[in-house]
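Trainee: Sharing a structure below in structure tokens format, with a few things to ask.
The values are calculated or read from the model by the stated rules, or taken from the named source; none is laboratory data. A quick note: this is a predicted structure, and the numbers were derived from the prediction, not measured. Here the Cβ positions follow ideal geometry from the backbone for every residue, glycine too, while neighbour counts run over all protein chains shown.
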Amino acid sequence: MKKLMMVLLLVLSVSAFAGYTYTISEGMEFTDMTLKGTQSLLMTGGYGGNITLWDTTVMDYYGGEVEAVRMYDSAVLNMSGGAIDTGLYPSGHNVVNISAGYVKLLYVNGYTDATLTGGIIDSVTVGFNVSDVQITFVCDLDSLVYSYNSAGVLVGVLGNWLDGTEFNIEIQNRGYSPTSDYIKFIPEPASLFIVGLGGLWIWKKK
């Protein structure tokens, strides 16, 4: 308990300087943490249990290791490092951006908008409480190899992120509808913008 209190005091003192409500860095440990309101968390190292994000909270995740992250309301997670050992569970009007790091399971519900541009993700699935979910893979479209089960349902995808690193993701189907109904694969967003401008130019020329 004394160790935990010392850690929390250190977190509070550092975070005030950094502009975040909480900051967790290398060598720090915690059990569970809950953010509410407009609180924010910067994690660059350390180890912890479950992190729960409510309301309009924001977590910027660059390093360290946690057991799980659960998201509700309009919380945002920006992940460019670190590891989520058990699972990432967004279930509100959440925004999830993953560009690096490790996620064992991305389990999506609610109205979540998840954009995946990098990292190691073992499994992706949607649950039973899906309303307006979008899971976007920004990747090399020419590299994609799909796996299907005997019923023709997508159960895996192999490919490369835009930086050339490989991903091999199991597509689980735990909801009422196939997870693939909520997944799209796109090239670099900037490329789409250029294609859009080209189409607009052709239309104007006509």
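Trainee: Under 8 Å by Cβ, and 6 or more places apart or on different chains, what pairs join a residue from segment 162-177 that is within 18 Å of Tyr89 (Cα to Cα) with one that is assigned to a loop (DSSP other than H, G, I, E, B) and modelled with pLDDT of 95 or more?
Mentor: Asn173/Val153
Trainee: Looking at Val103, Val133, Val108 in this structure, which one is in contact with a helix residue (DSSP H, G or I) (Cβ under 7 Å, 6 or more places away or on another chain) and within 15 Å of Met71 (Cβ to Cβ)?
Mentor: Val133
Trainee: Also, quick follow-up: In segment 16-39, what residues are surrounded by 15 or more Cβ atoms within 10 Å (Cβ to Cβ), part of a loop (DSSP other than H, G, I, E, B) and either polar (S, T, N, Q) or at pLDDT below 95 (or both)?
Mentor: Those that are surrounded by 15 or more Cβ atoms within 10 Å (Cβ to Cβ), part of a loop (DSSP other than H, G, I, E, B) and either polar (S, T, N, Q) or at pLDDT below 95 (or both): Thr21, Ser25, Gln39.
Trainee: Whether any residue in segment 114-131 is more than 28 Å from Ser147 (Cα to Cα), within 11 Å of the chain's Cα centre (by Cα) and not in a strand (DSSP E or B) is what I want to check.
Mentor: The answer is no; no qualifying residue exists.
Trainee: A further question follows. Suppose the filter is over 13 Å from the mean Cα position of the chain (by Cα), of a type outside the set (A, V, I, L, M, F, W, C) and assigned to a strand (DSSP E or B); does Lys184 pass it?
Mentor: The answer is yes for Lys184.
Trainee: Of all residues in segment 140-157, count the ones that are surrounded by 11 or more Cβ atoms within 10 Å (Cβ to Cβ), farther than 17 Å from Val103 by Cβ and either modelled with pLDDT under 95 or of a type in the set (A, V, I, L, M, F, W, C) (or both).
Mentor: Within segment 140-157, residues that are surrounded by 11 or more Cβ atoms within 10 Å (Cβ to Cβ), farther than 17 Å from Val103 by Cβ and either modelled with pLDDT under 95 or of a type in the set (A, V, I, L, M, F, W, C) (or both) number 5.
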